[in-house]
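J.: Sharing a structure, written as structure tokens. Questions coming.
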Amino acid sequence: MSPIRDENQCPHGRDAPVPWAFASHTLPAQVRLSPLAAYGRRARGMQIVRSPEQAELAARLVRPAREELLRLARAHREAVDADLRSELAAGHPVPNAPNPSEGAYPHGFCFAICARVFERLSKEPLVQGFVAAGVIWKTVYFIQHGRLFQNAVQCGDDLLDAANNTCSPEFEPVVCSPLEEVNWENLRDYRQTATVAEKYYKARLFPNRFFPLLFPVAPFLRLGEGGDIAIFWHEHLLFFQDINEGWPRVGALLDDAPWMGQPLPAPHAARMRELQRAAGSGAPPPVELRECSPDELRASLASWEALHELPTGSLRRTITNLDFRLRSTARWLLR
């Protein structure tokens, strides 16, 4: 069976939620796309979009109501804070959020806070009036100040950040600003993402030449102190765009010979040799471990093309399985 389509190893069941979902974006009823193309469109929908029409709507509708929008957003943020603190105190894991032991709330809870405040605000008559008038209302994911990854809500030509204090607790929790006043850029490619990730996570990234199945979705290894090696994956927005567009982003990585050919530092090379010995002695990782050339990694992309043919249910299960393998491999590397 194809390694991409082996759905049965996922322990979460047939109806498990898709871990790489973009819940705030829906497609018009008249649009008929393949299931995988729909994922690509939703991924693109997470980008900030500007237009003269949205600038006019923001000036006419959103900004005159900004104080009321902020009042509602702050009230919902307080409610979300209370809910999340209660869940954490009860020991309940929060999806896409750090373990409570890794830092004090709300540090690292940007996604969870933004998603929950967005869901609550979307039910408010004020926001529903904006949407009825044609105002863009969606969650977005972007780079801020050239060094941070951020979740927020685009409201017309404005940006509502309901998790503004998740990196710096001294900041105001909820802010709303015109886009021209926000230092932002959309995620474009993997090298841009890697440059920001090395600043954001204070880590060195290295091309993932060792897990060919995972390369298109996790093209980097994270090198830690003392030779530690970890699979590094970020948001999968680029992956879903890339697979639908013929792999231009992964292709650009593979074409960058100096970057792809850089040797592992000595302690990490020793650790990789240790892992390869373990893989060959009865303790293999969940996916193939094999050092590959750029050409071999490029050839491995063919395995992923099967996703284009899958119906919705099979695609959801396959994506869930892939996420399971990715996380299992990450745990295997910590052995």
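Bear in mind that the values in this text are calculations on the coordinates, not laboratory data. Quick caveat, the model's predicted, so the values are computed rather than measured. A quick note on method: Cβ atoms are made from the backbone with ideal geometry, for glycine too, and the neighbour counts reach across all protein chains shown.
J.: Give me the dipole magnitude in Debye, nearest 20, for the chain about the Cα centre, with unit charges on the beta carbon: positive for Lys and Arg, negative for Asp and Glu.
T.: Computed charge dipole of the chain: roughly 560 debye.
J.: In a solvent-free Debye calculation with one equal scatterer on each Cα, what is log10 I(q)/I(0) for segment 172-227 at q = 0.22, 0.23, 0.25, 0.28 Å⁻¹, listed in the order of the q values?
T.: -0.92, -0.96, -1.05, -1.17
J.: Between H308 and W259, take the C-beta separation as r, use R0 = 30 Å, and let me know the FRET efficiency to the nearest 0.05. List each step's numbers first, then the result.
T.: Numbers: r = 28 Å, r/R0 = 0.95.
It comes to 0.60.
J.: Okay, next question. Mean residue ellipticity at 222 nm from the helices of the chain, using -39,500 (n - 2.57) per DSSP H segment of n ≥ 4 over the full residue count, to the nearest 500 deg cm²/dmol?
T.: -12000 deg cm²/dmol
J.: Follow-up question, since we're still on this one. Can you put M272, M260 in order, fewest other beta carbons within 10 Å first?
T.: Sorted ascending by nearby Cβ count, the order is M260, M272.
J.: Now a separate question. Enumerate the residues in segment 186-203 having an amide nitrogen under 19 Å from the point lying 7 Å beyond the Cα of L148 toward its Cβ.
T.: Within reach of a label on L148, which here means backbone N under 19 Å from a point 7 Å along Cα→Cβ, segment 186-203 contributes 186-188, 193-203.
J.: Compute the length gained on full extension between K123 and F171: take 0.36 nm times their separation in residues and subtract their Cα-Cα distance, giving the result in nm to one decimal. It would help to have the intermediate numbers written out before the result.
T.: Details: separation 48, 0.36 × 48 = 17.28 nm, distance 2.67 nm.
Here the segment from K123 to F171 would lengthen by 14.6 nm.
J.: Choose one answer from N244, N96, N186: the residue with the largest mean-square fluctuation in a GNM of the chain with alpha-carbon springs under 10 Å.
T.: It is N96.
J.: Right, next: Using Cα-Cα distances under 8 Å and only pairs 6 or more residues apart, what relative contact order does the chain have, in percent?
T.: Result for the chain is 23 percent.
J.: Now, a different point. Looking only at R298, R120, R277, which one moves most when the chain is put into a Gaussian network model with springs between Cα atoms under 10 Å?
T.: The residue that fluctuates most here is R277.
J.: Would any residue of segment 125-169 have its amide N under 18 Å from a label point 7 Å out along Cα→Cβ of R71? List them or say none.
T.: Under 18 Å, as judged by backbone N against the label point of R71, lie 125-130 of segment 125-169.
J.: GNM on the chain, C-alpha springs below 10 Å: top fluctuator among E170, E119, E180?
T.: Top of the fluctuation ranking is E170.
J.: Continuing with this model, one more query. Would any residue of segment 140-158 have its amide N under 18 Å from a label point 7 Å out along Cα→Cβ of E180? List them or say none.
T.: Counting only backbone N, you get 155-158.
J.: State, to one decimal in nm², a quarter of the convex hull surface area for the C-alpha atoms of segment 107-186, i.e. the direction-averaged projected area.
T.: Reported value for the Cα convex hull: 5.1 nm².
J.: Let me ask something additional. What spacing in nm lies between the two simple spin-label points modelled at A283 and A89, each 7 Å away from Cα in the Cβ direction?
T.: That separation, rounded to one decimal, is 4.1 nm.
J.: For I231, what residues show an amide H to amide H distance below 5 Å, using hydrogens built from the backbone and excluding near sequence neighbours?
T.: R222
J.: Bin width 10 Å, alpha-carbon pairs only: give the P(r) of segment 209-335 as whole percents, running from 0 to the bin holding the largest distance.
T.: Once binned at 10 Å, the Cα pair distances of segment 209-335 give 11, 42, 35, 11, 1.
J.: Right, next: Along each of the three principal axes of the Cα atoms of the chain, give the extent in whole Å, ordering the values from largest to smallest.
T.: Principal extents (Cα only, largest first): 65, 45, 41 Å.
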